[in-house]
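Heads up, the thing below is written out as C-alpha cells.
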Amino acid sequence: MNIVFLNTLEKETGDHQILSAQVSIAEEQGVWNVFWNEPDSAGKQQQAQWYQGMSWDEMLSIFRHGLREKFRNGFRPIVSSDLESAQVLSGKARMTQMLTYYCEEHPSDEVYEPLRAWRREQAAREGKAPYILATNRVLRMISVFLPQSKEELQQIPGFGEQKTNMYAGDILKLTAEHTRTNGFPLDWVARSVDIVKFEAWLLAQKEQKLRMELDREVSKRKLLEIAARGGSLADLQADLTMPRRELLLWVEELDRDGYDMDLLVEAELTSVPEEEQIKAWNAFESEGDRYLKPVLQRMGGTEELKGKELDHAYEWLRLLRLRFRKEKESINTGVAS
C-alpha cells in the first residue's frame, strides 16, 4: 500500500497537554484508503478507516468531511496545507485569488488573444519561454482590467517594475485600444464579487491542486517501481502516458533527491555504442556537465544529427550525465574523506 498523503494534527487537551493524530491517504492497485490514527485514553494508537473504494471524488469528499469534523473538535495541522478551509487566505494572497476569480468570471478574449500573440512573438525574439515574460493569469488580468499607464500596470499581481519597464510600451498600446468600465486601484473587485461563489471557487481550486499532488505521488511511485526493476523510458511512457522529455526531467529530479536510477540508466544506455559513450564521457571531462550542446559539439555530432536522431542523442547524454556526476561525486567524497 502506497502512502500518497500524510499529515499530523494536534490539539490541546488541557494542563498543557498536546494530543497528536495523523490523517493519511493511501493507494493500492487503484483502491483509495483514508485513515485516521489517534491515541486512546491509555495512549494506544487507534486507527479508523474513513474510506475504502475506487472513487476519487467520493474519497476526497469523505476525506474533507472528516477533517472538518476534526477541526471542529480542536485539531489543527502542524504543517499548513491546502486542506485547510478557504477562509485562511487573507490580505494580499486573498486579493490576488479574488482578482483571478473575477477575471475567470468576466473574460475578455478580444484583448487576451492579442496579448498572447504579442507574448509569443516577444518570447521568440528573446529566446525565452513565453511564461517567463508573463503567465496566462497575468495576461488575463491585463486583458480584463486594462491598465492605461505604467503605474497601473505595476498593480497587476506578478508584473513588477522590471517587466513594466521592459514591456509597458507594447502592452499599453494594446490595452489603449479598448474602453474599460472600472479603473484602478482594483479594490472595487472585492465589493463586486459574490463571496459565496468565490469561496466555492477557492475550495475547487484547492481540491484540484490536491488532486494533482496526489496523482503526482502515485505516478512517482510507479516510476520508481519501474526503474527499480530495470525498466526503460518506453516502459515508463507506456505506464504513465507522459512525454519522454517530462519523464527525463522527473528521472533527473529523483536522481538529485537520492533515488537510485542506475538500472533505468543502464537499460537506456545498452542501445548506445560503447565508443559513443566513451566519447561523451571524455567530452564531459573537457567541457563540463552543465550544458549538453558543447558536449555534443565536442563529439562532432551536431551537424550530422537532425530531428529524432538529435533528440535521442540528447536523451542518452542526459542519462549518461547522471552516471558521470555520480562517479565524480564519489571521487570527490573519497578525496575529502
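Which Cα, out of 108, 133, 261, lies furthest along the positive dipole direction of the chain (beta carbon charges, K/R +1, D/E -1)?
108
Can you check what the net charge comes to around residue 126, using other residues whose Cβ is under 15 Å from the Cβ of residue 126 (Lys, Arg +1; Asp, Glu -1)? Each step should come with its number before you reach the end.
Working: positive: 119, 120, 125, 128, 163; negative: 121, 170.
Cβ neighbours under 15 Å give a net charge of +3.
For region 2-85, what is the charge dipole size about the Cα centre, in debye to the nearest 20, if Lys and Arg each add +1 at the Cβ and Asp and Glu each add -1 at the Cβ?
On the way: 7 positive and 12 negative charges, 34 e Å.
Here region 2-85 has a charge dipole of around 160 debye.
Work out how much length residue 93 to residue 195 would gain on full extension: take 0.36 nm times their residue separation and subtract the Cα-Cα distance, in nm to one decimal. Could the numbers behind the result be given before it?
Details: separation 102, 0.36 × 102 = 36.72 nm, distance 1.55 nm.
Gain on extension, residue 93 to residue 195, equals 35.2 nm.
Could you please state how large a percent of the accessible area of the chain is carbon and sulfur, counting protein chains only and using a 1.4 Å probe? Each step should come with its number before you reach the end.
Values: 9480 of 19740 Å².
The nonpolar share, carbon plus sulfur, comes to 48 percent.
Let's see if you can work this out: charge +1 on each Lys and Arg Cβ, -1 on each Asp and Glu Cβ, no other charges. What is the dipole magnitude of the chain about its Cα centre, in debye to the nearest 20?
Numbers: 45 positive and 56 negative charges, 185 e Å.
My answer is approximately 880 debye.
Counting only other residues whose beta carbon sits under 10 Å from that of residue 269, what net charge do I get with K and R as +1, D and E as -1?
On the way: positive: 323; negative: 266, 268, 274, 276.
Combined, the nearby Lys, Arg, Asp and Glu give -3.
Restricted to Cα positions, what overall size does region 272-336 have along the principal axes? Three whole-Å values, descending.
Principal extents (Cα only, largest first): 43, 20, 18 Å.
What residue among 294, 333, 314 has its Cα farthest toward the positive end of the dipole of region 272-336, where the charges are +1 on Lys, Arg and -1 on Asp, Glu, each on the Cβ?
333
If you filter region 145-242 for trypsin sites (Lys or Arg not before Pro), then keep DSSP loop positions with at most 12 other Cβ within 10 Å, what is left? All intermediate terms of the calculation are to be shown ahead of the outcome.
On the way: sites: 150, 163, 173, 180, 191, 197, 206, 209, 211, 216, 220, 221, 222, 229; in loops: 180, 229.
Hits after loop and neighbour filter: 229.
Kindly state, as a whole number, the per residue volume in cubic angstrom of the convex hull around the alpha carbon atoms of region 2-85.
On the way: hull volume 7.9 nm³, N = 84.
Hull volume over Cα atoms, normalised by residue count, gives 94 Å³.
I'd like to check one number: the per residue accessible area of region 93-188, probe 1.4 Å, reported in Å² as a whole number.
Details: 5080 Å² over 96 residues.
Heavy-atom accessible area per residue stands at 53 Å².
Taking the Cα of residue 170, stepping 7 Å toward and past its beta carbon, and measuring to each backbone N in region 104-140: which are under 12 Å?
Within reach of a label on residue 170: 115-134.
Scanning the chain for helices, which whole DSSP H stretches are 20 Å or more long along the axis (Cα) and average -0.5 or more by Kyte-Doolittle? Don't skip to the end; give the middle numbers.
On the way: long enough: 56-72 (24 Å, -0.80); 91-105 (21 Å, -0.76); 109-126 (25 Å, -1.63); 195-228 (49 Å, -0.31); 307-336 (43 Å, -0.81).
Passing helices, by number: 195-228.
If you roll a 1.4 Å probe over the heavy atoms of the protein chains, what accessible area per residue do you get for region 2-85, in Å²? Provide the component values of the computation, followed by the final result.
Numbers: 4900 Å² over 84 residues.
With all protein chains present, region 2-85 gives 58 Å² per residue.
Would you mind checking the radius of gyration and Dmax of the chain based on alpha-carbon positions, in Å?
Taking only Cα atoms of the chain, I get Rg and Dmax of 26.1, 76 Å.
Please list 17-24, 137-144 highest first by mean number of surrounding beta-carbon atoms within 10 Å per residue. Mind showing how you got there, number by number?
Numbers: 17-24: 14.8, 137-144: 22.6.
Descending packing order for the listed peptides: 137-144, 17-24.
Of 39, 23, 49, which is farthest on the positive side of the dipole of region 2-85, counting Cα position, with +1 on Lys and Arg Cβ, -1 on Asp and Glu Cβ, and the Cα centre as origin?
It is 39, whose Cα lies furthest towards the positive end.
The values are calculated or read from the model by the stated rules, or taken from the named source; none is laboratory data. Remember, predicted model here, so these are calculated numbers, not experimental data. Note that each Cβ is placed from the backbone with ideal geometry, even for glycine, and that neighbours are counted across all protein chains shown. The protein model used for the area step is the full one, side chains on, heavy atoms only, and it has no ligands, DNA or RNA in it. Shrake-Rupley method; radii C 1.70, N 1.55, O 1.52, S 1.80 Å.
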